[in-house]
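Structure below; questions to follow.
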Amino acid sequence: METLATLSLNRDGGFQELRGGTLGVRLALNEEERDAAQALRYQVFFEEMGAHPDAATRRSRRDVDPYDDVADHLLVIDHSRLGRDRVVGTYRLLRSEAAAKAGNFYSASEYDLSLLTDFPGNLLEVGRSCVARDYRGRSAMQLLWRGIASYIFLHRIDVLFGCASLHGIQPDSLADELTWLYHNHLAPPALRVRARPERYVDMQRSDPTTLDRRRCLSRLPPLIKGYLRLGGYVGDGAVVDEQFNTTDVAVLVKSELLADKYYRHYERRLRDALD
């Protein structure tokens, strides 16, 4: 059995499941598991967070888009549960090769990604992250991060990026958080993707000299704080997503920053296993 202290890689598409108690993290193996991830996404995004489903989404009770067909789906599985309810966390992983099959990255509808797509390294877009209500403690999210780190090592990813969401579609109600992100975590020019002109929302909405750092951090979603703890950056401009009832920011992390305290010890062995 794999544990959080060991990691086995294979060259054919993934890593063996990492376990922590009754929870494990691995890639979806079949259509049934991907369907379970889409059902969980519907539950969190549409039933809990107030996203607006179209008729097909409402009928199927699944959050589905064309990128699902070409992406890998990272799952947190509770082995004490049965059936579809075993999937209690998920993250969608879209590498450059998969994005080419889909025509582009999902984030390209919100941001000009040319700085990234012109970059010579390997890219990984992450998105559609969610965890079931009863599992939103530390364990499930830590497992997802370890799964992503394993995936990055396996596929030699250079830059991880995606859209991260703040709840609500009124940027002025998020003025302090957006301003704080812009003035403290703006990406360097080489990685500073910019919101598309027709969707661009200025993030500088408050006086940065008056901001309370602790208050701004406390109001940020846990996922965004997780990226920042890894040394992540944000792009220039926010985007309002009315369907999902969110205000999005682009987040970017250089892969070496994801070798956190749990993986630094194993990085050399992981890379050697692929050589």
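Cut-off is 10 Å between beta-carbons; in what order do 95, 213, 136 appear when sorted fewest neighbours first?
Details: 95 18, 213 9, 136 15.
Arranged by neighbour count, lowest to highest, 95, 213, 136 become 213, 136, 95.
Follow-up. Normalised by the number of residues in the chain, what is the relative contact order in percent for Cα pairs under 8 Å and 6+ residues apart?
Working: 481 pairs, mean separation 52.4, N = 275.
Relative contact order for the chain comes out at 19 percent.
Just grab the label-to-label distance for residue 114 and residue 215, each label 7 Å out from Cα along the Cβ direction, in nm (one decimal).
Taking the two extended label points, one gets 4.0 nm.
If you don't mind, another one. Which of rounded, prolate, oblate describes segment 150-244, given a ≥ b ≥ c as roots of the alpha-carbon gyration tensor eigenvalues and a/c under 1.5 marking rounded, otherwise prolate only if a/b is larger than b/c? Don't skip to the end; give the middle numbers.
Working: a/c = 1.67, a/b = 1.42, b/c = 1.18.
Here segment 150-244 falls in the prolate category.
Something else: Run lengths n ≥ 4 of DSSP H only: what is the helix-derived mean residue ellipticity at 222 nm for the chain, with -39500 (n - 2.57) per run over all residues, to the nearest 500?
On the way: 9 runs with 80 residues, N = 275.
So the helix-based figure for the chain works out to -8000 deg cm²/dmol.
With +1 on each Lys and Arg Cβ and -1 on each Asp and Glu Cβ, how big is the dipole of the chain about its Cα centre, in debye rounded to the nearest 20?
Working: 38 positive and 40 negative charges, 181 e Å.
I would put it at about 860 debye.
Let me ask another. Among 31-39, 58-66, 247-255, how do they line up by average Cβ neighbours within 10 Å per residue, starting with the highest? Each step should come with its number before you reach the end.
Working: 31-39: 18.7, 58-66: 14.6, 247-255: 23.6.
Highest-to-lowest ranking by the protection proxy: 247-255, 31-39, 58-66.
About its Cα centre, what dipole magnitude does segment 16-102 give when the only charges are +1 on Lys and Arg Cβ and -1 on Asp and Glu Cβ, stated in debye to the nearest 20? Walk me through the numbers on the way to the answer.
Values: 14 positive and 16 negative charges, 24 e Å.
Value, rounded to 20: 120 debye.
None of the figures in this text is laboratory data; all of them are computed from the coordinates on show. This one's a predicted model, so the numbers in the text were calculated from it and none came from an experiment. So basically every Cβ, Gly included, is an ideal-geometry build from the backbone, and we count neighbours across all protein chains shown.
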